[in-house]
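Chemist: Okay, here's the structure, questions in a sec.
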Amino acid sequence: MSSAASLQIDSEGRLRHLLTTEGLGKDLILSILETAESFLPVGKRQIKSAPLLRGHTVVNLFFEPSTRTRTTFELAAKRLSADVLNLQMESSSKSKGETDLDTLLTLQAMGVDVFVIRHPDKGATAGFAAEVGNEVAILNAGDGANAHPTQALLDAFTIQRHKADFGNLSIAIVGDVLHSRVAHSNIHALKTLGVPDIRIVAPEALMMEAPEQLGATPYYDLASGLKDVDVVMGLRLQHERMHEKKINDLPAYHRDFGLTRDNMRLLKPDAIVMHPGPINRGVEIDSEVAYGERSVILEQVRNGIAVRMAVMAMIAGNRQY
Amino acid sequence: MSSAASLQIDSEGRLRHLLTTEGLGKDLILSILETAESFLPVGKRQIKSAPLLRGHTVVNLFFEPSTRTRTTFELAAKRLSADVLNLQMESSSKSKGETDLDTLLTLQAMGVDVFVIRHPDKGATAGFAAEVGNEVAILNAGDGANAHPTQALLDAFTIQRHKADFGNLSIAIVGDVLHSRVAHSNIHALKTLGVPDIRIVAPEALMMEAPEQLGATPYYDLASGLKDVDVVMGLRLQHERMHEKKINDLPAYHRDFGLTRDNMRLLKPDAIVMHPGPINRGVEIDSEVAYGERSVILEQVRNGIAVRMAVMAMIAGNRQY
Amino acid sequence: MSSAASLQIDSEGRLRHLLTTEGLGKDLILSILETAESFLPVGKRQIKSAPLLRGHTVVNLFFEPSTRTRTTFELAAKRLSADVLNLQMESSSKSKGETDLDTLLTLQAMGVDVFVIRHPDKGATAGFAAEVGNEVAILNAGDGANAHPTQALLDAFTIQRHKADFGNLSIAIVGDVLHSRVAHSNIHALKTLGVPDIRIVAPEALMMEAPEQLGATPYYDLASGLKDVDVVMGLRLQHERMHEKKINDLPAYHRDFGLTRDNMRLLKPDAIVMHPGPINRGVEIDSEVAYGERSVILEQVRNGIAVRMAVMAMIAGNRQY
C-alpha cells in the first residue's frame with residue numbers, strides 16, 4: 001500500500017485525510033456515497049446551507065490554477081458554513097527560499113482545519129499529510145497525473161444513481177489516460193466497488209503503463225472499447241501536462257477517439273456518458289453527445305458538490321484534538 | 001421589443017432577470033426604486049446585513065475585468081447574507097473548447113441561484129438567460145456597449161432623491177456615448193420615467209447613432225448642451241472599447257467636452273453633477289467638479305449598493321421552482 | 001510626534017486607527033496585548049468565531065501584493081464574523097485618472113467599516129486616515145519601508161508570552177533593517193515597553209540611519225550582536241525594496257549574517273528566535289534554526305491572528321457615528 005493510502009486512514013479505520021482512492025475499503029467508499037446522498041437535497045433547497053462546519057476554516061491551497069475545481073470545493077465548504085480562503089500560489093519547487101511546506105505550516109499555525117490542495121507534483125499532498133498536526137485534515141484536489149479522489153468518488157456516486165449493481169458493469173475510460181489523475185483514481189475506486197470489466201481505450205501514445213496490473217484491460221481501438229458498455233467516461237486531452245507534444249493532429253484524434261453520435265450506437269441502449277469537464281467540444285467529445293440524452297455530465301457536476309460536502313464533513317469530523 | 005426586454009419579465013409581469021432597462025415598465029422601475037429606498041438604511045447601520053438571501057448562492061461571473069463593479073455586487077450580495085463566489089474568466093469567444101455557455105451551465109448545475117454577469121459581447125447576458133433553468137436568475141452587469149441596467153437604475157434613484165418630478169427635468173449626458181452602455185441604459189430608463197428633455201452631448205466621433213429614435217436630442221457643443229439643465233451626467237472615456245482610436249488628443253477633449261468649474265455655471269443653480277466612475281481626473285471631469293458641492297458622485301456609489309440589493313432580492317424572489 | 005502618531009488616537013486617548021507604533025503609549029500597547037490574549041483561545045476552538053464584527057464590512061485594500069499578510073487579516077476578520085472583501089489594486093501613483101484616494105473614497109461610500117491597507121509609499125495610510133470619515137477605521141498593513149504596526153505588536157505579544165519582564169531584555173534585530181518596516185515598528189514598540197538593550201545588527205550597506213536616535217545600538221558584527229541576547233529577530237532580505245542592488249553575494253551574506261546552529265550558541269540559554277516570515281531558507285536563516293527548539297516563528301503566526309482580531313475589534317469599536 002502506498003504511503004498515501006495508509007496515511008489517510010486513522011487507527012480506528014476512519015478517513016483522516018483523502019489523498020487517493022487506492023486502498024480505500026469498499027465499506028468506506030460506500031459510506032462516503034451514502035453521506036453524499038444525504039447532502040444532495042441541500043443543493044436543491046432555497047436555503048442551501050448546513051451548519052456542520054460553522055466556525056471552521058477551510059483553505060483552498062492551489063499550487064496549480066483551476067477555477068472550476070476550486071469553485072466546487074469553495075461552494076461545498078460554504079454550504080457547510082465554513083470560513084473559506086482561496087490561495088493561488090506558485091509552487092516553489094524550482095525557486096529558493098520559502099518552500100511549499102513552509103507555506104503549509106504557516107497556514108496551519110493560523111488555525112486552518114481543512115486544506116484542499118492541488119499541486120503539480122505527484123505525491124505532494126501525501127507529503128504534506130505526513131507533516132501536519134492531528135487537528136488538520138488534507139483533501140487532495142489533484143496531484144500531478146497521480147490522483148484526484150473526489151472526482152472518482154463523484155463518478156462512482158453518479159454511476160450508482162443510474163446503475164443497480166457495480167458487480168455487473170462494463171465501463172470504458174476513453175482518451176488521455178496517460179496524463180489523467182482522474183483515470184487512475186477511477187480505476188482504483190471502480191475495482192474496489194467490484195466492477196468486473198474496466199476498459200482503458202486510448203491511442204498508444206496516450207496509453208497508461210500496465211493497466212492490467214490495476215485490473216483494467218487496454219483497448220487501442222475505439223469501436224471494440226465501446227462495444228456494449230454500460231458507462232463511457234470521456235477524458236479531457238490534458239494539453240498542459242503533455243510535455244512532449246503527444247497529440248498534434250486534433251482532427252485525427254477526434255476521428256479515431258472522439259465520442260460522436262455515431263459511435264454512441266455501440267453502447268448498451270441504456271448506457272450513460274460521463275466526462276469530468278471542462279470539455280474540449282469537437283475534440284474528445286461532440287457537443288451533441290455532451291448535451292445528448294445519454295449524457296450525465298451536468299449531473300456529475302451537481303453530484304460533485306454533494307460528494308465534496310460529504311468528504312469535508314467526514315475528514316473534519318475525524319480530526320483529533 | 002428586444003428579446004432581452006421580453007425574456008426578463010415573467011408571465012405575471014414580474015422581474016425574472018435584469019438584462020436591460022429597455023421595455024421595463026414605469027411601475028416596475030418605480031417599485032425597484034422604492035425597494036432600494038428600503039435598503040438604504042441598511043448601509044448606514046453598524047450591522048449592515050439582512051437575511052433575505054441566506055443560504056443562496058450568488059456568482060459574480062465576469063468575462064471582463066472590473067474590480068469596482070464586481071465589488072458593489074459582492075457587497076450587495078453579502079449584505080443580503082448570500083454565499084458569494086467571484087469568478088474572473090476569459091471569454092472563450094475566440095478560443096476553442098469549452099464555451100462560455102458550458103461554463104454557465106456547469107455553474108448552474110452546482111446550484112447557483114443568481115448570476116451577475118459582465119461580458120464583452122452585446123446581448124451575451126440575454127443569450128444566457130434564454131438557456132438557464134427557471135430556478136436561476138441573471139443580472140446583467142454590462143454587456144459590451146449595450147446595457148448596464150443597474151447603473152441606470154441607481155442613477156434614476158439618485159436623481160429621484162434630489163429632484164421632485166422626473167416629468168420636469170432637463171438632463172445632459174456628456175461624453176463618450178458611443179461606447180457607453182451606461183448612456184443607452186439611462187436613456188431608456190429616463191424616457192420611461194417621463195423625462196422630457198434628454199440631451200446627448202458629444203463630439204461627432206463619439207456620438208451614438210440616431211439618439212432621436214430613443215427620444216433624445218444630440219448636441220455637438222458643450223455650452224448649448226449644458227445650458228439650464230437640472231442634471232449633468234459625465235461619462236468615462238472608454239479607452240478599452242475604442243478599437244479604432246477615436247480620441248487621441250486628451251487636452252483638446254478636456255477643453256471642448258470636459259466638465260469644469262467654469263462651464264458648471266451654465267447649469268440651473270440647483271443642478272446636480274453625476275458620473276458612473278471611475279473618473280479620469282482632468283480628462284472628462286475636473287477634480288474640483290467631481291468633489292464639488294453639486295457633485296452627487298459618491299451618493300451614486302452608496303445608492304448603488306441599495307439598488308443592487310433591491311434587484312437581487314427581487315429577481316431571486318421571482319424564480320420558479 | 002508624526003501626523004500618523006497623532007491621527008490614530010482620538011480625543012479620549014483611544015485607538016481610532018492603527019498607523020504606526022510610534023507614539024503609542026505603553027498602557028495602550030499593553031491593553032492591545034491583553035485583548036489579544038483573550039482572542040488566543042478562539043483560534044484553538046473547533047468553532048473559531050466571535051460575533052463582534054457581524055454585519056461589518058472589512059476591506060483588505062492592497063496596493064502591493066502579499067498573500068501571506070492579506071490572509072492573516074482575512075482570517076482575523078472572518079473569525080470576528082465580518083464580511084470581508086479582498087481588493088488587489090495597482091497603485092495609481094504613476095498613472096493618470098482615478099487616484100488611490102478616489103478608490104478609497106468610493107469604497108467608503110459603499111459603507112466600509114474597516115480598511116486594512118498595504119501601500120508601497122511611506123505615509124500613505126496616514127494620508128488616507130486624514131481623509132476618511134469618523135465612521136471608518138484604517139489599519140496599516142505596511143506602508144513602504146515605514147511601518148508595519150501589527151507585526152511589531154504580535155512580536156511584542158510573542159515575547160511577552162516567553163519572557164517575564166520587558167524591562168530586563170536584550171534583543172537583537174538582525175539583517176536588512178534598512179528596508180524593513182518591521183524593524184522600525186519593533187524598535188518603537190519595544191522601546192515604549194521598556195526594553196533596555198535593543199541591538200541593530202546589519203552590514204553597513206543595510207544599516208538604518210541613526211538607530212541611536214531611536215534608542216537602539218548598531219552592531220556591524222554578528223557575533224557581538226548576538227552575544228547573550230534573550231531574543232533574536234531575523235529579518236527577511238527585502239529584495240523587492242532594494243532598488244539599487246545592495247546585496248549580490250547571498251552566500252557571503254549567509255556566512256556573515258545568517259542565523260545558524262553555530263551562532264545560536266552565542267545567545268542566552270533560554271533565548272528565543274523570531275522571524276516575521278516568509279523566510280529565505282539558507283539565506284538569512286537556516287532551516288534547522290527556523291524549525292529548531294528555540295524558534296517561535298510559528299507561534300508568531302498563530303499570535304498574529306489573535307493580535308489582528310484584537311486591533312480590528314478595538315478600532316472598529318472606537319469609530320464615531
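The values are calculated or read from the model by the stated rules, or taken from the named source; none is laboratory data. This one's a predicted model, so the numbers in the text were calculated from it and none came from an experiment. Using ideal geometry, Cβ is built from the backbone for each residue, glycine included, and neighbour counts are taken over all protein chains shown. Protein only, heavy atoms only, side chains kept; ligands, DNA and RNA dropped before computing areas. Shrake-Rupley method; radii C 1.70, N 1.55, O 1.52, S 1.80 Å.
Chemist: Take A:ALA205 and decide whether it is touching a residue at least 40 places away in the same chain (Cβ under 8 Å) and either under 26 Å from A:LEU15 (Cα atoms) or touching a Gly at 6+ places or on another chain (Cβ under 6 Å) (or both).
Modeler: no
Chemist: Can you give me the number of residues within the range B:36-53 that are away from chain A (no Cβ under 12 Å) and closer than 19 Å to A:LYS78 by Cβ?
Modeler: Here the count works out to 2.
Chemist: Restricting the search to the range B:165-180, which residues are farther than 14 Å from B:THR192 by Cα and among the small types (Gly, Ala, Ser)?
Modeler: Within the range B:165-180, B:SER170, B:ALA172, B:GLY175, B:SER180 meet the criteria.
For every residue, the table says whether it meets (1) out of contact with any strand residue (DSSP E or B) (no Cβ under 7 Å at 6 or more places or on another chain); (2) within 17 Å of B:ILE159 (Cβ to Cβ).
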site: B:PHE257; (1), (2): no, no
site: B:ASP262; (1), (2): yes, no
site: B:ASP270; (1), (2): yes, yes
site: B:VAL273; (1), (2): no, yes
site: B:ARG281; (1), (2): yes, no
site: B:SER295; (1), (2): no, yes
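Chemist: From (1) free of Cβ contacts under 8 Å to residues at least 24 places away in the same chain; (2) in contact with a helix residue (DSSP H, G or I) (Cβ under 7 Å, 6 or more places away or on another chain); (3) not polar (S, T, N, Q), pick out the condition that doesn't hold for B:ALA164.
Modeler: Going through (1) free of Cβ contacts under 8 Å to residues at least 24 places away in the same chain; (2) in contact with a helix residue (DSSP H, G or I) (Cβ under 7 Å, 6 or more places away or on another chain); (3) not polar (S, T, N, Q) one by one, B:ALA164 breaks only (2).
Chemist: Please give the number of the condition C:SER11 fails out of (1) of a type in the set (Gly, Ala, Ser); (2) away from chain A (no Cβ under 14 Å); (3) touching a residue at least 12 places away in the same chain (Cβ under 8 Å).
Modeler: Failing condition for C:SER11: (3).
Chemist: Out of the residues in the range C:193-205 meeting the condition of being hydrophobic (A, V, I, L, M, F, W, C) and not in a loop (DSSP other than H, G, I, E, B), tell me which one is surrounded by the most Cβ atoms within 10 Å (Cβ to Cβ).
Modeler: Going through the qualifying residues, I end up with C:VAL201.
Chemist: Quick one: B:ARG255 ticks every box in (1) touching a Leu at 6+ places or on another chain (Cβ under 9 Å); (2) away from every other protein chain (no Cβ under 14 Å); (3) closer than 29 Å to C:THR103 by Cα except a single one, so which number is it?
Modeler: (1)
Chemist: If only one of A:ALA141, A:ALA145 is part of a loop (DSSP other than H, G, I, E, B) and either β-branched (Val, Ile, Thr) or away from chain C (no Cβ under 14 Å) (or both), which one is it?
Modeler: When all the criteria are applied, what remains is A:ALA145.
Chemist: Among the residues of the range B:148-175, which ones are hydroxyl-bearing (Ser, Thr, Tyr) and not in a helix (DSSP H, G or I)?
Modeler: B:SER170
Chemist: Just to be sure before I move on: is A:SER224 among the hydroxyl-bearing types (Ser, Thr, Tyr), open to solvent by less than 50 Å² (accessible area, probe 1.4 Å) and either facing another protein chain (nearest Cβ under 10 Å) or closer than 19 Å to A:VAL195 by Cβ (or both) in the structure I sent?
Modeler: So A:SER224 does not fit the description; no.
Each row is one residue, and each column tells you yes or no for (1) assigned to a loop (DSSP other than H, G, I, E, B); (2) within 25 Å of A:LYS26 (Cβ to Cβ); (3) in the same structural domain as A:LEU18 (by TED's automatic domain parsing).
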| residue | (1), (2), (3) |
| --- | --- |
| A:HIS184 | no, yes, no |
| A:VAL232 | no, yes, no |
| A:ILE247 | yes, no, no |
| A:PRO251 | no, no, no |
| A:GLY277 | yes, no, no |
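Yes/no per residue for (1) closer than 17 Å to A:PHE157 by Cβ; (2) among the aliphatic types (A, V, I, L, M); (3) open to solvent by 10 Å² or more (accessible area, probe 1.4 Å); (4) touching a Lys or Arg at 6+ places or on another chain (Cβ under 9 Å):
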{"position": "A:GLU22", "(1), (2), (3), (4)": "no, no, yes, no"}
{"position": "A:ASP27", "(1), (2), (3), (4)": "yes, no, yes, no"}
{"position": "A:GLU34", "(1), (2), (3), (4)": "yes, no, yes, no"}
{"position": "A:SER38", "(1), (2), (3), (4)": "yes, no, yes, no"}
{"position": "A:VAL59", "(1), (2), (3), (4)": "no, yes, no, no"}
{"position": "A:ARG70", "(1), (2), (3), (4)": "no, no, yes, yes"}
{"position": "A:PHE73", "(1), (2), (3), (4)": "yes, no, no, yes"}
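Chemist: From A:THR150, A:THR72, A:THR125, A:THR103, grab the single residue that is more than 15 Å from the chain's Cα centre (by Cα) and of a type in the set (S, T, N, Q).
Modeler: The unique qualifying residue is A:THR103.
Chemist: Residues being modelled with pLDDT of 95 or more and out of contact with any helix residue (DSSP H, G or I) (no Cβ under 7 Å at 6 or more places or on another chain): count how many of those fall in the range B:44-60.
Modeler: 0
Chemist: Right, another one. Taking A:VAL174, is it open to solvent by less than 10 Å² (accessible area, probe 1.4 Å) and either at pLDDT below 95 or over 20 Å from the mean Cα position of the chain (by Cα) (or both)?
Modeler: For A:VAL174, the condition - open to solvent by less than 10 Å² (accessible area, probe 1.4 Å) and either at pLDDT below 95 or over 20 Å from the mean Cα position of the chain (by Cα) (or both) - is not met.
Chemist: Considering (1) touching an Asp or Glu at 6+ places or on another chain (Cβ under 7 Å); (2) open to solvent by less than 50 Å² (accessible area, probe 1.4 Å), say which one B:MET208 fails and leave the rest.
Modeler: Against the list (1) touching an Asp or Glu at 6+ places or on another chain (Cβ under 7 Å); (2) open to solvent by less than 50 Å² (accessible area, probe 1.4 Å), B:MET208 comes up short only on (1).
Chemist: Could you list all residues from the range C:245-269 that are within 13 Å of C:ARG294 (Cβ to Cβ), of a type in the set (A, V, I, L, M, F, W, C) and buried (at least 18 other Cβ atoms within 10 Å of the Cβ)?
Modeler: Within the range C:245-269, C:LEU259, C:MET264, C:LEU267 meet the criteria.
Chemist: Looking at the range B:258-278 only, could you name the residues that are among the small types (Gly, Ala, Ser) and either without any contact (Cβ under 8 Å) to a residue 24 or more places away in the chain or within 11 Å of chain C (Cβ to nearest Cβ) (or both)?
Modeler: Across the range B:258-278, the qualifying residue is only B:GLY277.
Chemist: I'm trying to understand the selection: among the residues of the range A:54-102, which are under 22 Å from C:VAL42 (Cα atoms) and within 8 Å of chain C (Cβ to nearest Cβ)?
Modeler: A:ARG54, A:GLY55, A:HIS56, A:THR57, A:ASP83, A:LEU85
Chemist: Also: Please determine, by comparing only the residues of the range B:99-124 that are in contact with a strand residue (DSSP E or B) (Cβ under 9 Å, 6 or more places away or on another chain) and hydroxyl-bearing (Ser, Thr, Tyr), which one is surrounded by the most Cβ atoms within 10 Å (Cβ to Cβ).
Modeler: Taking the candidates together, the pick is B:THR103.
Chemist: Open to solvent by 20 Å² or more (accessible area, probe 1.4 Å), of a type in the set (A, V, I, L, M), touching a strand residue (DSSP E or B) at 6+ places or on another chain (Cβ under 6 Å) and in contact (Cβ under 8 Å) with a residue 12 or more places away in the chain: which single residue out of A:MET314, A:MET233 fits that description?
Modeler: The unique qualifying residue is A:MET314.
Chemist: Do we find a residue being more than 10 Å from every other protein chain (Cβ to nearest Cβ) and open to solvent by less than 20 Å² (accessible area, probe 1.4 Å) anywhere in the range A:297-305?
Modeler: No, the range A:297-305 contains no residue that is more than 10 Å from every other protein chain (Cβ to nearest Cβ) and open to solvent by less than 20 Å² (accessible area, probe 1.4 Å).
Chemist: Next question, about the same structure. Would it be correct to say that A:VAL132 is over 16 Å from the mean Cα position of the chain (by Cα), surrounded by 24 or more Cβ atoms within 10 Å (Cβ to Cβ) and outside the structural domain of A:MET274 (by TED's automatic domain parsing)?
Modeler: No; evaluated as a whole, the condition is false for this residue.
Chemist: Mind checking which residues of the range A:279-296 are in contact (Cβ under 8 Å) with a residue 12 or more places away in the chain, assigned to a helix (DSSP H, G or I) and at the interface with chain B (Cβ under 10 Å from one of its Cβ atoms)?
Modeler: Once the filter is applied, which keeps residues that are in contact (Cβ under 8 Å) with a residue 12 or more places away in the chain, assigned to a helix (DSSP H, G or I) and at the interface with chain B (Cβ under 10 Å from one of its Cβ atoms), the range A:279-296 yields only A:ALA290.
Chemist: Considering only residues of the range C:61-71 that are polar (S, T, N, Q) and more than 17 Å from C:THR125 (Cβ to Cβ), which is modelled with the lowest pLDDT?
Modeler: My answer is C:THR67.
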